[in-house]
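Below you'll find the structure, written out as structure tokens, and then a few comments.
The values are calculated or read from the model by the stated rules, or taken from the named source; none is laboratory data. These numbers were taken from a predicted model, which means no experiment stands behind them. Cβ placement follows ideal geometry from the backbone for every residue including glycine, while neighbour counts extend to all protein chains displayed. Side chains included, ligands, DNA and RNA excluded: accessible areas come from the protein's heavy atoms. Shrake-Rupley method; radii C 1.70, N 1.55, O 1.52, S 1.80 Å.
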Amino acid sequence: MSRVGIVIVSHSARLAEGVVELAAQMAPDVTIVAAGGLDGGPGTDFDAVSDALATAQSGAGVVLLYDLGSAKMVADLAVEMLGDPNAAVVVDAPLVEGAVAAAAEAQSGADLDAVLSAAAAALAVPESEVDGQGGVELLLTNDVGLHARPAGLLARTLAGLDAQVDVAFGGRSTDARSPLGLMGLGATGGDRIRVSATGPDADEALSRVRALVDRGFDD
Amino acid sequence: MGCDAAGVARAVRAAAELVTAHRDELVRLDQAIGDADHGENLKRGFGFVLAALDQSTPDTPGAVLKLVATTLISKVGGAAGPLYGTAFLRAATAVGAASELTPDLVSVALQAALDGVVARGKAEVGDKTMVDALTPAVEAARGSTVAEVLTAAAAAAEAGAESTIPLTARKGRASYLGERSAGHLDPGARSTSLMLRAFAEAAS
């Protein structure tokens, strides 16, 4: 099966390779190519991006993600030079979360539009109003609450589980697998969050989250 | 001068020399509000342009402009590569296969270059970018000879570049500085005015 390919355009070779490393964990069968740096230093390399586009193209199309403004211009230019607007698309998405989301979607065999949507959706923090019912209430005992590191740990602790897990605080709710969404709730030490889960592994998911919160996120 | 391929190549060489001579100034300007690479990037890029012109002599003005475009796109990192590359590429397309540039063709090429830069960079007048130099240059680019057109454009670009000093940047790396970007001449607007000045002098 030919899958949608992904190109990571960055000013930094190491940043591009790091994003590829992370996204590849989600997608062993997707061609994800790094195009970062220029002549060994920072910059974006049009020729490298064009080569990466060719490598990532298997016929199903290519999604390009970028870091800073001029990387977008180089990516746009490389796509424009292809002369086929359906062959590759530059997507506005957060580089890391967008790449991971795009890789996971491409791995499933989704088409170009679906992969683009998955990457672009990583931009919007999933959030919904909740009624405060259901799930378990947990007290955050660490000082920083759901700040970056704890939010990342919480999202990671759910890896491999078949369960939809939501975290609610202050009248809002987010997918527990979205570190940005968790941080966006603004829950700090001393706050109580409500965690709910559905799906075959719901019980295991709740017990993992409870254990992590009870340990104070290992702070 | 004649505005055939050789004349346009001479104008490009003049621009390369002027930009290279102002490398340190452009670095200083970019140090104040950007990442300090504009002067070096352009010097380096135009170095490759000169080498490419030494290697081959394209036989139409459009082909010269296209060679400049592809070289800058490939060799210049940062926003300047794709932006100037796009400008030269659109100008090349605008003049087509003409063997000699007329005053009208030069005006049309400048307009096409501006349109390309705006499409690529999404900047508007007042955002503190090269668009602030190129837009008035296009508006002023009228005359009965190519030299007149380019001289008018260069003067307008210089005034346009100066007008960026009090502005707060809304595009590019400088926009991250917010109000702290005010009080500095935009390096991209400055390099645009330098290139147009070199073109004007080469045509006169």
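Worth pointing out:
- With a Förster radius of 30 Å applied to the beta-carbon distance between residue A:198 and residue A:92, the computed FRET efficiency rounds to 0.45.
- In sequence order, calculated HN-Hα J values of region A:113-121 (Karplus, 6.51, -1.76, 1.60; Hz; x Gly/Pro): 4, 5, 5, 4, 4, 4, 5, 5, 5
- Overall form of the protein assembly as shown: prolate. Here a/c, set by the Cα gyration tensor axes a ≥ b ≥ c, is 1.5 or more, and a/b is the larger of a/b and b/c.
- Eigen-decomposition of the gyration tensor built on the alpha-carbon atoms of region A:5-121 gives equivalent ellipsoid semi-axes of 19, 16, 12 angstrom, largest listed first.
- Chain B: relative contact order in percent, alpha carbon pairs under 8 Å with at least 6 residues between: 24 percent
- The Cα atoms of chain A give a gyration tensor whose axes a ≥ b ≥ c have a/c of 1.5 or more with a/b greater than b/c, which makes the shape prolate.
- Inter-centroid distance (Cα atoms) of region B:106-156 relative to region A:40-107, Å: 30 Å
- Placing +1 on the Cβ of every Lys and Arg and -1 on the Cβ of every Asp and Glu, with nothing else charged, gives region A:128-218 a dipole about its Cα centre of roughly 260 debye.
- Residues residue A:25 and residue B:204, FRET efficiency given R0 of 60 Å [Cβ-Cβ distance, rounded to 0.05]: 0.45
- 5 angstrom amide H check on residue A:33, placed H, neighbours 5+ away: A:6, A:7, A:8
- Here chain B is scanned for trypsin sites (Lys or Arg not before Pro) in DSSP loops (not H, G, I, E, B) that have at most 14 other Cβ atoms within 10 Å, and the longest stretch holding none of them is B:1-121.
- Which listed pairs, of B:66/B:171; B:75/B:128; B:43/B:66; A:72/B:75, have C-alpha distances above 20 Å, in listed order: B:66/B:171; B:75/B:128
- Region A:128-218: C-alpha gyration tensor shape, a/c 1.5 cut-off, then a/b vs b/c: rounded
- Mean Cα-pair separation over length for chain A, i.e. relative contact order, pairs under 8 Å, 6 or more apart, %: 18 percent
- Dipole in debye (nearest 20) - region A:5-121, about Cα centre, beta carbon charges: Lys, Arg +1; Asp, Glu -1: 140 debye
- A Gaussian network model of chain A, with springs between Cα atoms under 10 Å, assigns the largest mean-square fluctuation among A:90, A:136, A:20 to A:136.
- Karplus (6.51, -1.76, 1.60) ³J(HN,Hα), θ = phi - 60°, over region A:145-161, in Hz, Gly and Pro reported as x: x, 8, 7, 3, 5, x, 4, x, 4, 4, 4, 6, 5, 8, 4, x, 8
- Computed about the Cα centre, the dipole magnitude for chain A is approximately 460 debye when only Lys and Arg (+1) and Asp and Glu (-1) carry charge, each at its Cβ.
- Applied to region B:81-97, the Karplus parametrisation 6.51 cos²θ - 1.76 cosθ + 1.60 on θ = phi - 60° returns per-residue 3J(HN,Hα) values of x, x, 6, 5, x, 4, 4, 5, 5, 5, 5, 4, 4, 5, 8, x, 9 Hz, with x for Gly and Pro.
- FRET E, pair residue A:121, residue B:57, Förster distance 35 Å, beta-carbon r, rounded to 0.05: 0.10
- Ordered by 1.4 Å accessible area with all protein chains kept, B:193, B:204 run largest first as B:204, B:193.
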